[in-house]
Each structure stands twice: as C-alpha cells, then as structure tokens.
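Here the structure is laid out as structure tokens; the discussion comes afterwards.
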Amino acid sequence: MKKLYKIRLIIAGIIGILSILAFCGVIYHVKILDIQFAALLQRLIIDFSWIALGLFIGIIIITLLFGRLYCSTICPFGILQEFAALLFRRKNSLQKNFKFKYIIAALTFGALFGGSALFIRYIDPYTIFGSAFSLSLFGLIFTLVILALVFFKNRWFCTNICPVGTVLGLLSKISLNKIHFDKEKCVSCSMCSKICPSGCIDFKNQTVDNETCVKCLKCIEKCPKGAIKYGIEHKKVTFNPKRRELIWAASALIILGGALKAGVELGKNIGKNIRNIILPPGSENPSRMLNKCLNCNLCIESCPNKILVKSDKDFGAVHIDYSKGEGFCKYDCNNCSNVCPSGAIKRITKEEKQQTRIAMAVIKDNCAKCGKCIEKCPTNAISRIDDKIVIDSTKCIGCATCTTACRINAIEIFSINEQGKI
C-alpha cells in the first residue's frame, strides 16, 4: 500500500507534463484535457456526445469509489500545486472546513447550468492553468497568488475555494474507499497531520475529513506504523447534520437557484449587441461564444496559422484577428474544434468546417482585376464576370485566403452575426 503514493505521483507527473505540452502547442495527441470536470460538464450540456457522457460518468464513478483522486491526479492545476508544495517543504496543520465554498460552487455551477460560463471561467482550476501557461495576464497573476497560498496553506484553494473540488468533495464524503485510522497501530506521532496537504487529518482524535482529502496518499507512505489505511472503513456511518450545516446547505440551494436565473439572463443579454467580431468555425455567434468560452486558450496554441487571439477589451473570449499570424483560416484545418474541451467551439469535421461561413469577403473599388484571388479561393467563390472580379456570397466562407493573394488590399473581410452553412 505504501507504493500507491509513488504510483499516483508518477501518473500525476505524466498528466501534468502532457497538459503543459498541450498548452504550449507542442503536442496534443493524448486528449488529457477532455476530462477536465467543468469543461466536460459544459460540453455535455451544449455539445452532447456519448463520449462526453461516458467520460463524465467515469469521473463520478471514480470519485464515488476512490474519493477525490481527480484533484490529485487529473486536474493540472492541482498537480501544479502539489509539485510546488514539494519544493516549499512546509509543515502542515489541521485546517477548518471553509463552508463558504458551498456558496462559491452554487454560484458558479448555477450560472453554468443557466447558460453562462462567465463566473466559472475566473475560478475553474483547468481554465486558470491554461490561462497561465498561455501567458494570459489574469492566469499568471492568479497562479502566482495561489502558489503563494500554497507556501502558507498548501492545498487550501483546492479544499476550500475550488468549485470543482467542492462538488467532488461532497461525493468523496460518501465514497466507498476512504482514508482512515487503524487505531490499534496509531501512536499519535502526528507525522500524518504534518505532511497532509489538505490539513484534513486530526491525529489526536484519529479522524480524517474525507471531504477535503484530495487522496494524495502521502500519509500512507509516511506513517511509520502503517496506521493509516486506504480502503473500506468497517464502521457504522450515521447521517446527523448539525444545524449550522443545514443553514449552509439551504443557503447554497438558494444561491444555486438565483445563479441559475442569473445565468439564463446573462445568456440572453451578453454579446447581443457586439459587432465586427469574427469567430472560429463552430462558435456560431458572439453571444454564445461569450457565454461558453472558458478562455483556457488551448485553441490559440493549436491554431497553425496563429490567427486566434485571447480575450481583450473589445471581446471577452477567444476570437479571430486576420491581422495576426498567416492572416487567413486554413481551409483543411479544424484544430480549434478538435481541441476545445468545453464545447464553446463545437466539434465539427473538416468537411463541415469547409462549409461553415464565419465571415464575408467584399471586393473594393480599387481592385486591379489581376485575378490572383480567384486562384487562391478554396471554395471557388471568386470569379471573373464581364472583366470584373466578383464574389459569390453563397460560396464564400470568409476564410480570408483571398486577401493573402491581393497585393493592393482590395479585398475586405466583414464579420457576420451568425455562422451558417454555404
């Protein structure tokens, strides 16, 4: 059993490295980021697939069987904090369960179910990790703050703030396998409490708060007497919530309902008046993208032509800027659709992408009629009629490939309000 910690640490290290490589645009063949809880939940809601359902159910089953292994082994932000804590080598102590985390979880997931990711994108661990490793200012600042918190309180963010951790913690509380004491072997040396990153072990009373325990399994490895066990605890479990816990539960339910309604209203109103924004194929429209994009920026790093840009003051989600990179959307590429884990960019095939209009090209009056754009257009939307260069609006997808052939800037790309099929 003492080897479990090292096995889990190796798996976490591999997943952490793959996650970093993915966000750096190096490799993304193994889609580790498709099983990130909040992103997967939203994809399940807005871009349903049986694969997404199977992955989500898998996370729930693993948690119900083994506890919060997700937080210590799959979540890249949790893995980052764990390895940072190994460098800091701070002694830990028993920590109180911060009840306000239920309100945070109710607010963020309520809005998400209502139709808007506006709240969760600022606190979801996966999003923060991606934002930091894609060098977004918000992500970098948030990560530095959390790493500073790790120095003093270790995994306090995971156990008392993170909405994903809160939900999985409630499931972990009733999981089949738990961390528990063999009271006959325990000598109250306090070693387990000192090395517990969650501060969930009370060695004096020989109890473990399995709700906040992230199942790092470090206590099992370090216990000199083998008194810490991981498995089925053979004792009678009673449900006897205290009055204060019932008040917190009722408050969280009220907040959940309010956030659900707020999410619906945000979904209706955000982005409805935004114009002049061009979005990746599969995003549908500005309002949907603003409400669904987590700003993890994984699609940006995966774009071969580097035309995708981060959120800015003009638009609060990922979008296309044809003045960047190669200046056009590659016709036979659907990378952004393939990598988006949240469903903000719907999963579409290359054939579907090639038929999706994301903008419109217009020939300006200063056209020299050289015809080079005709040769470049991948959909044959540009032709010469009566010695004039014209664009067939029923064939143009707004990929801007034509603009790369025009040397006098005689072609302009205009945004559209809603993506559609040609």
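The values are calculated or read from the model by the stated rules, or taken from the named source; none is laboratory data. Everything quoted here is computed from the prediction, not taken from an experiment. Note that each Cβ is placed from the backbone with ideal geometry, even for glycine, and that neighbours are counted across all protein chains shown. All accessible areas refer to the heavy atoms of the entire protein, side chains included, with ligands and DNA or RNA removed. Shrake-Rupley method; radii C 1.70, N 1.55, O 1.52, S 1.80 Å.
Taking region 394-412 and a reference point 7 angstrom along Cα→Cβ of C370, the backbone N atoms nearer than 18 Å belong to 400-412. The stretch between I416 and L176, if pulled fully straight at 0.36 nm per residue, gains 81.2 nm over its current Cα-Cα span.
Measuring against 22 Å, Cα to Cα, the residue pairs K6/K215; K292/K346; K99/K225; K313/K421; K272/K350 contain K99/K225; K313/K421; K272/K350 as the ones spanning a longer distance. Can you give me the angle between helix 50-66 and the longest principal axis of the chain, using Cα atoms only, in degrees from 0 to 90, rounded to the nearest 10? The two axes meet at around 10 degrees. Roughly how many percent of the accessible protein surface of the chain is carbon and sulfur, given a 1.4 Å probe and a whole-percent answer? The C+S portion of the solvent-accessible surface of the chain is 61 percent.
Simple rule: put +1 on each Lys or Arg Cβ and -1 on each Asp or Glu Cβ in region 325-422, find the dipole, and look at S337, V362, A400; the Cα lying farthest toward the positive end is S337.
Label-to-label distance for F138 and S393 is 3.6 nm, based on points extended 7 Å past Cα in the beta-carbon direction.
For the chain, the longest principal axis of the alpha carbon atoms and the long axis of helix 4-23 meet at an angle near 20°. Taken per residue, the accessible surface of the chain reaches 49 Å², heavy atoms only and a 1.4 Å probe. What separates the Cα centres of region 114-156 and region 1-62 is a distance of 17 Å. One decimal place: the segment F98-I20 gains 25.0 nm when fully extended, by the rule 0.36 nm per residue minus the C-alpha distance. Checking the cross-link pairs K310/K369; K3/K310; K96/K218; K173/K194; K101/K218; K91/K185 against a 31 Å limit on the alpha carbon distance flags K310/K369; K3/K310 as lying beyond it. Sorted from longest to shortest, the spans of the Cα atoms of the chain along the three principal axes equal 95, 41, 36 Å.
The long axis of helix 76-88 is offset from the longest Cα principal axis of the chain by roughly 50 degrees. Modelled spin-label separation between N380 and L64, with each label point placed 7 Å from Cα along the Cα-to-Cβ direction: 5.5 nm. Take the Cβ atoms of D314 and T404, set R0 to 35 Å, and the FRET efficiency comes out at 0.90. Karplus-based coupling profile of region 117-131, in residue order and whole Hz: 9, 4, 7, 5, 5, 9, 9, 5, x, 4, 5, 4, 4, x, 4, with θ = phi - 60° in 6.51 cos²θ - 1.76 cosθ + 1.60 and x standing for Gly or Pro. Take the Cα radius of gyration of region 124-256 and divide it by 2.2 N^0.38 Å, N being the number of residues; the result is 1.22. For an R0 of 41 angstrom, estimate the FRET efficiency from the Cβ-Cβ distance between N205 and R89 and round to the nearest 0.05. Efficiency, rounded to the nearest 0.05: 0.95. The peptide list 254-267, 321-334, put in order of mean Cβ contacts within 10 Å with the highest first, becomes 254-267, 321-334. Put simply, the Cα atoms of region 173-234 extend 28, 25, 20 Å along their principal axes, the longest span coming first. Computed from the alpha carbon positions, the gyration tensor of region 333-422 leads to an equivalent ellipsoid with semi-axes of 28, 12, 12 Å, biggest first.
At full extension, I247 and L4 could sit 83.7 nm farther apart than now, given 0.36 nm per residue minus the alpha carbon distance.
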